[in-house]
């Protein structure tokens, strides 16, 4: 058996003895006893996690609200009977679908009211793209956190293990008192890296799918709007 294997086995036995005796360390104590480099790593990971959760809560509220608003606006929009009612609806209900209608009306005004012009369709498609881009705001940050957090945690892990072996070299002993600070740093950095990454990846996948679904609904609404314009049913007089 190699010398490293002997050290690790001895460390494992001492940790088990300490745990059996009820001498475990609190997480706060482990963080407090970490070195400056690992503390910096933990701070970065904590900020990543806080920003990720803030984005996920914000997106959950805003996307649910947007989808409900699109559904309600679409229901009311297709029952509009005259231009005055349409104006009141557009003034009272600002949402992605209503902004697409506004883009269509502006394009119609610029084209002299010609329903056959391709400029109207280009304008509404541009409006759809802008709405989707607005909904995607901050979501890529979740993917970034999910990708790099494990590696940031791994850096803290490696640093903690290096500190343990450095202390073993200085003291010449693999006792728990010597290696525990470095090993605790390594474990905390690994755990916090996963704690930041896993929710961020799950949130990114969830919100990407939700935005894709809303985008499909906007595309359908836009297609119906273009058909109504082409057939002369919109705008109402």
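Quick note: the coordinates plus some simple rules give every number you see, no bench work behind them. These numbers were taken from a predicted model, which means no experiment stands behind them. Glycine gets a Cβ as well: all are built from the backbone with ideal geometry, and neighbour counts include every protein chain shown.
Sorting 162, 135 on the 10 Å Cβ count, fewest up front, what's the list?
Details: 162 14, 135 22.
Ranking 162, 135 by Cβ neighbours within 10 Å, fewest first, gives 162, 135.
For a quick check: sort 59, 39 by the number of other beta carbons within 10 angstrom, fewest at the front.
The fewest-first ordering by Cβ neighbours comes to 39, 59.
How much length is gained on full extension from residue 144 to residue 85, taking 0.36 nm per residue of separation minus their Cα-Cα distance?
So the chain would gain 16.7 nm between residue 144 and residue 85.
Please give the length that would be gained between residue 118 and residue 136 if that part of the chain were fully extended, namely 0.36 nm times their separation in residues minus their C-alpha to C-alpha distance (nm, one decimal). Working shown, then result.
Numbers: separation 18, 0.36 × 18 = 6.48 nm, distance 2.71 nm.
Answer, rounded to one decimal: 3.8 nm.
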